[in-house]
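Notes follow the structure.
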Amino acid sequence: MPARLLVVADPKMLPALAGGLREGGKFEVVAVSLADAAAAQAAATNADAVAIFYGGPGAPLPAALQALAPKARDRGARVIAVLQREQAGQRDECFRAGASDVLFMPIPKDQFVARLAASVFLAFPGEPGAMAAVAVATRSSSFRIEDVSPNGVEATGQLPFKSGDTVRLSWGSFQIWGVAVRGGPTAQIRFAGLAPDEEGPIREWIKSSVKQPPAGAQPAAPIRTSPPPMAPVPSGRAAPVAGPPPGFSDRKPGRPQTHSASAGADVAAASVPAAQGVVPSAAPSARPATAPKSTNGAGALSGLFDADGATPGPKAPQPAAPQRPVSKGPVWPVPAAIAVCKEAAMDLLESGDVGPAIPANVAASARKITALLSVGERASIEKAGPGSHFAEALAVRMALEVATAEGTRLSSANVAPNVNGEALAALTKLVDEAAARLQKEANAAIGKGEVENLQLVTAASAALSRDLLNLKETADRLRGVGAAPRLGAGALDPEVVLRGQQPRPRSAAAQQAQPAIKPELRDFRGLEEKRGRTKPFFAVLLLVSSIVAAAYGFYYGVPHQVTLAADSAGPGVQRIDFKGEAALVTVTQQWLAASQANLPRLTQVLREHHVKKGVLRLPNGTAAGILDVASGKASGVPAASQ
């Protein structure tokens, strides 16, 4: 039955790690992001083993171990820390934080899975060993064991250990961590946290410590002898309580290996710098060349899933590769500290100026970036403070702007800098972390239906992406990798010839003759060919006619307001305006006082101009009545004037 393995790592590594560890059916893998501490603790309560990879800026590996170890170790499950070779100094800290074992990367996938399975199942294969007084120290007591093998130590009696307990082993100049396989009937403790270059000295010590009996003499006691390397010797040890069956780790791999593997389950891993005080300096060991360091885990991934990667070990000397000439220009970029960028941004938002301790380039970038902030982002940063996700994105944008501005200055000065790939990777990692936090806030805003907050987060994420693209374009330009020239009009169409260009020769396919016409259609070829001289004439005529018709309809078809001479309507009539069949008559108060006498004359004038209705009003605009021209009667006139 496969073991339930919880893998806790960076989200970008999880798909590759989970897919690789599921192969072979040894593990039932559950993958959880290193940033989601709550989900990791919940999944650890049901896991048989927990593997934590590398840690991160927001979740250091020792802190993650301290949070997850109580959930697993109390149930007897294993907690395994995976370190990169440059993290070897954290080994002791990981064990003190609760790790059962520590593995090192990069390493080929098959070897890593085998080493992980041996650590999870506490495999202890039998191999020849030597006698030595080994001190075993726990948190509460100490013991001595006198049998050392390449995989661990073993005692003939029973010791008060539980399976999975972590102990400290020391003999001679060796100081090694160990994990208890079982406490009885014969106690077994396997080595834990060994770097690959630390296994060689132990085997050399065992090989040199075993005394061969004289020729023809019988040994006085059943003491182990040292057989030729790679020859497994039968052992009287009992089978382990858990893990693969006996002899599983001694099987030869199906794929040919490029090195001599040991008979144990723990195969050699990639070369890792040894911690101080672990491997004696006098012990001979063949150390392979150290591979380049990786800052973001990419090297570990490529090594883990390298199908035919060779295990580091003693190798034949190879000719040194020619070294590239080192650039004599300045190093670029020099990333600005995020804390300084954030401090400058907060100073500008709070007081409008930066402190004297802020560098000039950071201050300039801070003023440029903060001037483009929206009102919503400013309000959110002022409300939440430096811990806001907008503040973090703002600080990262400032760091990108500092690097981009410096790169532009160097490019303008025709200076060829030494582009630092690790610094660019560090800036890219900061952008990824800030973008991941913005994405988390966007998901929360979607869940709560906060449209305005979602728009702010989307705008901040887009600005962060633009600044990163600007930095990458600057880096490519400084490396000498220019962008492709932009294609203008005619660059893709062979029939278009721009000014200053030579006509392109036509291809043979384009120069082919027109397809032959069938004989029965030749008599009808001229029917569709018509003279087109009259078409422009009719088009112009139609356009002029349309303009004339529109002008006539607008000017003559629509009635216009006309003003009549008021003298012809009698005294008291100041103004007569009519439009169509309606008129507006302005009369005085005296005209209204004698309206019965003045009304016939006004009615006659309106009838002459075909007016049917008239509105009476005073000079101040007050309505004074309505006149029906056809009947000659006025309605609504004040009673005093009737």
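Work out from phi, with θ = phi - 60° and the Karplus expression 6.51 cos²θ - 1.76 cosθ + 1.60, the ³J(HN,Hα) of each residue of the range 336-348, listed in order in whole Hz, and give x for Gly and Pro.
6, 5, 5, 5, 5, 4, 5, 5, 5, 5, 5, 4, 5
Can you tell me how the range 110-158 classifies by the Cα gyration tensor, rounded, prolate or oblate, using a/c under 1.5 as the rounded cut?
Details: a/c = 2.77, a/b = 1.61, b/c = 1.72.
It comes out oblate by the Cα gyration axes.
Return the subset of Lys12/Lys448; Lys342/Lys368; Lys26/Lys71 for which the Cα-Cα distance in this structure is over 25 Å, preserving the input order. Mind showing how you got there, number by number?
Values: Lys12/Lys448 27 Å; Lys342/Lys368 14 Å; Lys26/Lys71 22 Å.
Where the Cα-Cα span goes over 25 Å, the pairs concerned are Lys12/Lys448.
What residues have an amide H closer than 5 Å to that of Ala77, excluding those fewer than 5 places away on the same chain, when H is modeled at 1.01 Å from N in the peptide plane?
none
Give the peptides 391-398, 40-47 in descending order of average Cβ contacts within 10 Å, highest first.
Numbers: 391-398: 25.1, 40-47: 18.8.
Taking the mean over residues of other Cβ atoms within 10 Å, the ranking is 391-398, 40-47.
Evaluate E = 1/(1 + (r/R0)^6) for Ala623 and Phe554, where r is the Cβ-Cβ distance and R0 equals 41 Å; express this FRET efficiency to the nearest 0.05.
Numbers: r = 31 Å, r/R0 = 0.76.
That gives a FRET efficiency of 0.85.
Is the shape of the range 367-474 rounded, prolate or oblate, going by the alpha carbon gyration tensor and its root eigenvalues a ≥ b ≥ c, with a/c under 1.5 for rounded and a/b larger than b/c for prolate? Write down the numbers at each step before the final one.
Details: a/c = 2.73, a/b = 2.05, b/c = 1.33.
Taking the square roots of the gyration eigenvalues as a ≥ b ≥ c, the range 367-474 is prolate.
With no solvent and one equal point scatterer per Cα, compute the Debye intensity ratio I(q)/I(0) for the range 73-191 at 0.09, 0.21 Å⁻¹ and report its log10, rounded to two decimals.
-0.24, -1.30
Can you list residues from other chains, or at least 5 along the same chain, whose modelled amide H is less than 5 Å from the amide H of Arg182?
Hits under the 5 Å cutoff: Gln188.
Ignoring ligands and nucleic acids, what accessible area does Thr138 show with a 1.4 Å probe (Å², nearest 10)?
Rounded to the nearest 10, the figure is 40 Å².
When averaged across all projection directions, what area in nm² does the alpha-carbon convex hull of the range 29-81 cover? Kindly include the intermediate steps, with their values, before the conclusion.
Values: hull surface 12.5 nm².
The orientation-averaged projected area of the Cα hull of the range 29-81 comes to 3.1 nm².
Per-residue HN-Hα couplings for the range 177-193, Karplus 6.51 cos²θ - 1.76 cosθ + 1.60 at θ = phi - 60°, whole Hz, x for Gly and Pro?
Karplus-based 3J(HN,Hα) across the range 177-193 equals 7, x, 10, 6, 7, 7, x, x, x, 10, 6, 10, 10, 8, 5, 10, x Hz.
Quick check on packing: order 589-600, 335-346, 424-435, 350-361 by the mean number of other C-beta atoms within 10 Å, highest mean leading. Write down the numbers at each step before the final one.
Numbers: 589-600: 15.6, 335-346: 20.1, 424-435: 18.0, 350-361: 12.2.
Peptide ranking by packing, descending: 335-346, 424-435, 589-600, 350-361.
Whole Å is fine, so just give me how far the alpha carbon centre of the range 608-637 lies from that of the range 163-193.
A separation of 119 Å, based on Cα centres.
The values are calculated or read from the model by the stated rules, or taken from the named source; none is laboratory data. These numbers were taken from a predicted model, which means no experiment stands behind them. Reconstructed Cβ throughout: ideal geometry from the backbone, glycine too, with neighbour counts over all protein chains shown. For accessibility, only protein heavy atoms count, side chains too; no ligands or nucleic acids. Shrake-Rupley method; radii C 1.70, N 1.55, O 1.52, S 1.80 Å.
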